[in-house]
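Participant: Below is one structure. I have some questions about it.
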Amino acid sequence: MGYLGFPAGGGIGTLSAPASIAENLNRLPFGRRVDAIRVPISGFSKPLLSAHGSVSSPETAILDLPGWSADQLSPPLRRNLKKFERSDLELRASVDVGRDAERYYRLYRGTIERHRGRRRYSLAYFRALLELSLSSDRLRCTGAYAGRELAGFLVAASSGGTVFYLHGASDPRFQTARPSDALFRDAILWAKSVGADLFDMMSSPPSQEGLVRFKEKWGGTTRQHRTCTVPVSWIGGLTVKLLGLGGGN
C-alpha cells in the first residue's frame, strides 16, 4: 500500500485511471512493490477522485485561524486552562530525542490501547519526528512536563497555509491538570504565529464522538474526510474488494 499525499492528497486532478503511476510502481523490485494507492482527501480541500468509492471519517478544522481568539473559548475550557496554569506542569519543546521519543511512544501506545485501536507508528517514527523538529521550523513537538516526567505531548506540522495536528496524547495520571488543553492552545497560537489560515485537527475515528466534540470546542468545524484506495494491480484490486477499502466503483 502506498500513500499519495499525507496528511491530504492534492494537486492530482481526478486520477480516474492512474496508468503512469501504476507502471512506475510495478517496476519496483520484489518486496517493495505497491499494489494499491491510498489517497487521503481532506474535507477542507477541493474534491478529488470523484470516480472512485471511498470511506469517510469526521475531520475537524478551525477555518478562520487569523480571526481565532482564546477569548472566544467557553468558560469551562478557560477554567481548564487555568487549572494547567496553576499546576506544576510546564510546556517546553522536546530536545532530548532519545529519552523523549520513548516517552512519546509510550503515551501514544497507551492511548491506542485504551481505545482498542491499532498502532500505526513505531518508536523509530517518533525518534525521527523529534530529530526533524530540531532542524525544521515547520514541525513543532511540544511536551507538558512534570519535572522530568512527560504528562502529555502534541505534534503539529506547517504546510502552505495550513497547520496540521498530527499526534497527541496525555498521561491519565495528570488529567486534573488538563495538559491536553494547554497543548492544544499552544499549537493553535503557534499556527497563528506562522501565518497559517487554517488549523486542521485531522480526522477522528467515527466511533470516537467525544474526540470530535473535544476538537469542536476549540471553534472547529467538522466535515467528512474521504480516503480512496485505488488498485494498480490485480492483487490490489482483489484486496480492495475483499477488505472494502473504498476502491473503484
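Participant: If a residue has to be in a strand (DSSP E or B) and among the acidic types (Asp, Glu) to count, how many in the range 137-192 make the cut?
Facilitator: 1
Participant: All but one of (1) modelled with pLDDT of 90 or more; (2) more than 30 Å from Glu85 (Cβ to Cβ) hold for Leu242; state the number of the condition that does not hold.
Facilitator: Failing condition for Leu242: (1).
Participant: Could you check the range 91-109 and list, in sequence order, the residues that are surrounded by fewer than 14 Cβ atoms within 10 Å (Cβ to Cβ) and either not charged (D, E, K, R) or not in a loop (DSSP other than H, G, I, E, B) (or both)?
Facilitator: Arg92, Ala93, Val95, Gly98, Arg99
Participant: Among Phe174, Phe184, which is surrounded by 15 or more Cβ atoms within 10 Å (Cβ to Cβ), touching a Ser or Thr at 6+ places or on another chain (Cβ under 9 Å) and either outside the structural domain of Arg38 (by TED's automatic domain parsing) or over 22 Å from Tyr121 (Cα atoms) (or both)?
Facilitator: Every option except Phe174 fails the conditions.
The values are calculated or read from the model by the stated rules, or taken from the named source; none is laboratory data. What you are looking at is a predicted structure, and each value in this text was computed from that prediction instead of being measured. Note: ideal-geometry Cβ built from the backbone for every residue, glycine included; neighbour counts use all protein chains shown.
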